[in-house]
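Inspection log for the structure reproduced underneath, given as structure tokens.
The values are calculated or read from the model by the stated rules, or taken from the named source; none is laboratory data. Note that the structure is predicted; figures quoted are calculated from it, not measured. Reconstructed Cβ throughout: ideal geometry from the backbone, glycine too, with neighbour counts over all protein chains shown. In case anyone asks, the SASA skips ligands and DNA or RNA and just uses the protein heavy atoms, side chains included. Shrake-Rupley method; radii C 1.70, N 1.55, O 1.52, S 1.80 Å.
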Amino acid sequence: MDQISVAEMEAKIGLEVLNDNFTMAFFMKIALGFGLANDEIPDFNEEDMIFLIEMDELRARCHHIASQEERIAVFRSFCQKRYDQIANRN
């Protein structure tokens, strides 16, 4: 699990940096529906939808940041807030 970082993946995609992390690439295939039937739709709750919308907005706001490390830090902070939200719910 220490090889999987959504923050790093988002930063690299935004900068069009090649993902050389096989574990992360495999995880993203699964996250993007690899193996699901074409008509299967993920079941997102309202909090999930808000997170996804805010992630889209963050991608747009970070478009001007050229530093991979800075972008990772921004996305990591954002993802940490969502993780804390989920952890505190249980």
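Listing for the model above:
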quantity	calculated
Sites excluded, GluC sites (Glu not before Pro) in DSSP loops with at most 11 other C-beta within 10 Å, longest stretch of the chain	41-90
Length-normalised contact order of the chain in % [C-alpha pairs under 8 Å, at least 6 apart]	49 percent
P(r) of the chain over all Cα-Cα pairs, binned every 10 Å from zero, in whole percent	14, 42, 38, 6
Accessible-area composition of the chain, carbon plus sulfur, in percent [1.4 Å probe]	57 percent
